[in-house]
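Some notes on the structure that comes next.
The values are calculated or read from the model by the stated rules, or taken from the named source; none is laboratory data. This is a predicted model, so every value here is computed, not measured. We place every Cβ from the backbone using ideal geometry, glycine too, and count neighbours over all the protein chains shown.
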Amino acid sequence: MLKADLHTHTYFSPDALTSPEKYVRTCLERRINCVAVTDHNAIAGALAVQKLATFKVIIGEEVESREGEIIGLFLQEEVPGGLSAEETVERIKEQGGLVCVPHPFDRFRGEHLAEAALTRILPQVDIIEVFNARTTRQADNERAARFAEEHGLAASAGSDAHSARELGRACVEMPDFEGPREFVQALREGRIVGRLSSPLVHLWSRWAWLRRRLGWRPIG
C-alpha cells in the first residue's frame, strides 16, 4: 500500500524553500513512499527528487495557464506557462500525461482554474484534487469532492507543501500502480487522509519568495 502525497513543491518553485535533498529525507522520515512533484512551470525539481529517491516519484508540473493552474502528471517535458487552458491540456495529453485540476474551488486563491475554463476542458480532465491541505476552508475541499463524484472523476489529495514541514499533511492511501492508467484506477480505490495546514503557511511561501528575490540559498 502506498502513502502518496500528490501535490508537492521543491526549491524549483519560486515560493518554496525545500531542496530536493531535504525533501527526500523528510519523505523517508514520514514513510511517504509515493509523491507527485509539481513545481510551478518546471519539472527540474521533480527530476532531481527522482534521482535521489528510493520511492515512487511522479514527474509533474503545476502549469500556470492564462486561466489558472492545471497540474500535469507523468510528464516527459515541461509545459510552458501562459497558454490557454485548452492548449495546456493538449500539451499534457500529447506526452501521455494526466490532467489534474488542483484546489478548483478555493475561494481565497486567485490562481485556481476559472470555472468557465474548467467547464470547457472537463472532458479532458482525469483527476480532481478534492483535498488540498493549504485550502483555508474545508468546505471548498468538500465542494471539490462533490464535483468529482458528480462527474465520475478520480479524486486526489496533496499537501501542496512548499516547505518540508508540510509534506504528508494530506495523502492518498492507495494500491501500487504502474503507469498513468493504473494510477487512475488506484486513486479510485484509495482513501484520502490528512488535515488542513495552518493558514500561516502562506506567509512561509511569501518568505520563500523574498529569499529567492534576494538570492539566498534554499534551506536544507
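Just a few scattered comments:
- Of all residues in the stretch 119-165, exactly one satisfies the criterion of being more than 16 Å from residue 192 (Cα to Cα), among the acidic types (Asp, Glu) and under 16 Å from the mean Cα position of the chain (by Cα), namely 126.
- Meets criteria (of a type in the set (A, V, I, L, M, F, W, C), farther than 17 Å from residue 34 by Cβ and not in a loop (DSSP other than H, G, I, E, B)) for residue 57: no
- The stretch 1-24: number of residues that are free of Cβ contacts under 8 Å to residues at least 60 places away in the same chain and assigned to a helix (DSSP H, G or I): 2
- Only listed residue being crowded, with 20+ Cβ neighbours inside 10 Å, among the β-branched types (Val, Ile, Thr) and modelled with pLDDT of 95 or more, chosen from 193, 101, 184: 101
- Any hit, the stretch 21-28, residues being at negative phi, among the charged types (D, E, K, R), surrounded by fewer than 24 Cβ atoms within 10 Å (Cβ to Cβ) and touching a strand residue (DSSP E or B) at 6+ places or on another chain (Cβ under 9 Å): yes
- Of 33, 41, all but one fail to be surrounded by fewer than 21 Cβ atoms within 10 Å (Cβ to Cβ) and more than 20 Å from residue 133 (Cβ to Cβ); the exception is 41.
- Hits in the stretch 85-144 (condition: charged (D, E, K, R) and in contact (Cβ under 8 Å) with a residue 40 or more places away in the chain): 111, 126, 129, 134
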